[in-house]
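Derivation of every value follows stated rules applied to the coordinates shown; laboratory data play no part. This structure is a prediction, so every number in the text was calculated from the model and none was measured. Quick reminder, even Gly has a Cβ in these numbers, built from the backbone with ideal geometry, and neighbours come from all protein chains shown.
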Amino acid sequence: MKKLLALLVMLLAAAAGYLALTPSPIDPLPWDAAPAPEMTGVLEPNDTLMKAELLARGQVHGPEDTAVDGQGRVYAGLHDGRIVRVQEDDSLETFVDTGGRPLGMNFDADGNLIVADAYKGLLSIDPQGAIKVLTTEADGLPFAFTDDLDIASDGTIYFSDASSRFEQPDYLLDLLEARPHGRLLSYNPASGETRVLLDGLYFANGVALSANEDFVLVNETYRYRITRYWLKGDKVGQHDIFIDNLPGLPDNLQGDRKGTFWVALPTPRKADADFLHRHPWLKAQLAKLPRALWPKAIPYGFAIALDEQGNIVRSLHDTSGTHLRMVTSVKPVGDYLYFGSLDNDRIGKLQIH
């Protein structure tokens, strides 16, 4: 018993020495988040996501976002850099391999698939699979984490660079550091100009235009909020908070251009995460540890719908996290919603009622 206790003391001393001597990969700030909203009313948990049809189950790894072409074929970007197309018999066809990590995607008016690739920048892929790099930097600062996009009727692409400091594998370090490294940008395909619309965002993620394109929204994942940037009207060039204190971490964002925005929430809020944010020293120590020792996300499926006034009007849940978990995108197409996930092995398809 004494030998066991001595060994335990030695291990604890070694761990303490490691933490004391190892520099942290982050320089965290404290943040005091407001209490999470109660899961009542429109947020009341339900089993709606359990009713979703599952596409390509077991054939995909991390279909983070999806897109549907004019023929109704579903595309998804995977961890290994491929963008795959789901066939009628539910088999997969590789459309293209970007050599990076394809994230947000939408088709433009000419049938090109516009992709925010975490490593490669903003891409345009024609129907034959030819890849064109549209832009990789703005104001002299390269994109470190190109994330999501939406396309206006005039062809302008609005997109996000989630973090100028941390690349995609280290997105959780950006969460712990709690500093604003994100940007909202626009790309003009006619002139080739890339503009920074907003910087200083806390992990700029999902991007979506309003129905009449008078404003564009961008998710600030690590502040549990959505920011609005005005494109037209008296407030053009200004920004404000569209909705704050969301019940989960907002990931991708997509409007149906009829007045509804769908927000993917990969995980509900956790009280211990909000507690951790108030203590930067603890965050600095946690960042030194192997990821296997970090707190885990709640296995849960979650998405919400917002109106154009920033009100939550509907929520979809998989409380078990067994059917559709860690939802990172919701794509409204016709009468259906398509669900992507950063680390699941399936794509969800749900008819809207």
Between region 299-353 and region 24-41, the Cα center-to-center distance that results, in Å: 23 Å
Region 41-351, relative contact order in percent, only Cα pairs under 8 angstrom and at least six apart counted: 18 percent
Calculated FRET efficiency for the pair Leu92/Ile241, C-beta based, R₀ 35 Å, to 0.05: 0.30
Kirkwood hydrodynamic radius of the chain, from inverse mean 1/r over distinct Cα pairs, in Å: 20.9 Å
For region 201-280, the fraction of alpha-carbon pairs in successive 5 Å shells from zero, as %: 3, 15, 24, 23, 17, 8, 5, 4, 1
Positive-end extreme of charge dipole, the chain - chosen from Pro295, Ala138, Thr227 (charges on Cβ): Pro295
Filtered GluC sites (Glu not before Pro), region 50-121: DSSP coil and at most 13 other beta carbons within 10 Å: Glu88
FRET efficiency, 1/(1 + (r/R0)^6) with R0 41 Å, evaluated for Asp69 and Leu141 via beta carbons: 0.80
Gain upon complete extension [Ala130, Asp108; 0.36 nm per residue less C-alpha separation]: 6.4 nm
Theoretical gain in end-to-end length, Trp294 to Leu54 [0.36 nm per residue, Cα-Cα removed]: 83.4 nm
Estimated dipole of the chain in Debye, rounded to 20 [Cβ of Lys and Arg +1, of Asp and Glu -1, Cα centre]: 1380 debye
MRE, 222 nm, helices only [DSSP H, n ≥ 4, -39500 (n - 2.57), over the chain, to nearest 500]: -3500 deg cm²/dmol
Virtual spin-label span in nm between Ser191 and Asp154, 7 Å along Cα→Cβ: 1.0 nm
Dipole-positive endmost among Ala152, Leu350, Leu286 within the chain (Cβ charges, Cα centre): Leu286
Nearest-20 debye value, region 293-342 charge dipole, Cβ charges on Lys, Arg, Asp, Glu: 260 debye
Count of Lys pairs (Cα-Cα under 21 Å; at least 8 positions apart or interchain) in region 41-351: 11
Sorted by Cβ density within 10 Å, fewest first, the residues Lys232, Lys120, Lys258: Lys258, Lys232, Lys120
Phi to ³J(HN,Hα) by Karplus 6.51 cos²θ - 1.76 cosθ + 1.60 over region 108-118, Hz, x for Gly, Pro: 8, 5, 9, x, 7, 8, 8, 10, 8, 9, 3
Dipole moment magnitude, nearest 20 debye, region 116-156 about Cα centre, only Lys, Arg, Asp, Glu C-beta charged: 200 debye
The chain: angle of helix 2-21 to the longest principal axis, Cα-based, in degrees nearest 10: 50 degrees
Exposure proxy ranking, count of Cβ atoms within 10 Å, fewest first, for Ser163, Ser91: Ser91, Ser163
Residue-span extension gain [Glu44 to Trp281] - 0.36 nm each, minus C-alpha spacing: 81.8 nm
